[in-house]
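Taking it in order: structure first as structure tokens, then the write-up.
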């Protein structure tokens, strides 16, 4: 998901507010919950984007969905978003906040796609490789399984990608074989 500059501005403002109140981890957990719920509920996304539904109705729905589960700072922030007509950006702002949090705490997110779930040894090997490329960073692995890779893994760190999959190697072989140096008639 591409995150807009406006979402980053809101996320940075919320980070600053959370730092002032010493509630950064609480707000991070709150917005992780918001991002998860909004990502899982198509109805919530449609309601947030709907120009027909009034702001007070949206506040009531959000209060019922997140009431008692999020802290005071996060709740007030959501209320401000709704008052300003930016409630449709709530899932995007929640994701932007996670990125701002990782940057502030020197955490690097590495996405690992593998043909089968990683065992402890493979996970440790990936962590060593990422730490070697990015020394001094705390590494968080986000693992997913993609059977289309056939074997191996693909590691993505920001816009850098390391592809050590069998499907990639097969593709490379196909390209090499298509460059047939054989010339008939000799």
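For residue 54 and residue 167, compute 0.36 nm times the residue count separating them, minus their Cα-Cα distance, and round to one decimal in nm.
Details: separation 113, 0.36 × 113 = 40.68 nm, distance 5.04 nm.
In short, 35.6 nm is gained.
In the chain, the longest principal axis of the Cα atoms and the axis of helix 24-40 are about 70 degrees apart. What the Cβ-Cβ distance of residue 133 and residue 20 gives, at R0 = 30 Å and to the nearest 0.05, is a FRET efficiency of 0.30. Rounded to the nearest 10 degrees, the inclination of helix 55-66 to the longest alpha-carbon principal axis of the chain is 70 degrees. Helical content alone sets the calculated 222 nm signal of the chain at -18500 deg cm²/dmol, taking -39,500 (n - 2.57) per DSSP H segment of four or more residues and averaging over every residue. Kirkwood radius for the stretch 39-164, taken over all pairs of different Cα atoms as the inverse mean of 1/r, rounds to 17.4 Å.
With a simple spin-label model that places each label point 7 Å from the Cα along the Cα-to-Cβ direction, the separation between residue 43 and residue 178 comes to 4.8 nm. Here, the stretch 78-124 yields an orientationally averaged convex hull projection of 5.3 nm² when only Cα atoms define the hull.
I need the shape label for the stretch 106-178. Rule: rounded when a/c is under 1.5, else prolate if a/b > b/c, else oblate, with a, b, c from the alpha carbon gyration tensor. The partial results should precede the final answer.
Values: a/c = 2.53, a/b = 1.75, b/c = 1.44.
Prolate is the answer for the stretch 106-178, as a/c is 1.5 or above and a/b outweighs b/c.
On a 0 to 90° scale, report how tilted helix 90-104 is relative to the longest principal axis of the chain, with both axes built from alpha carbons and the result rounded to the nearest 10. The two axes meet at around 70 degrees.
Values in this text are rule-based calculations from the coordinates and carry no lab data. Since we're looking at a predicted model, the values are computed, not measured. Note that each Cβ is placed from the backbone with ideal geometry, even for glycine, and that neighbours are counted across all protein chains shown.
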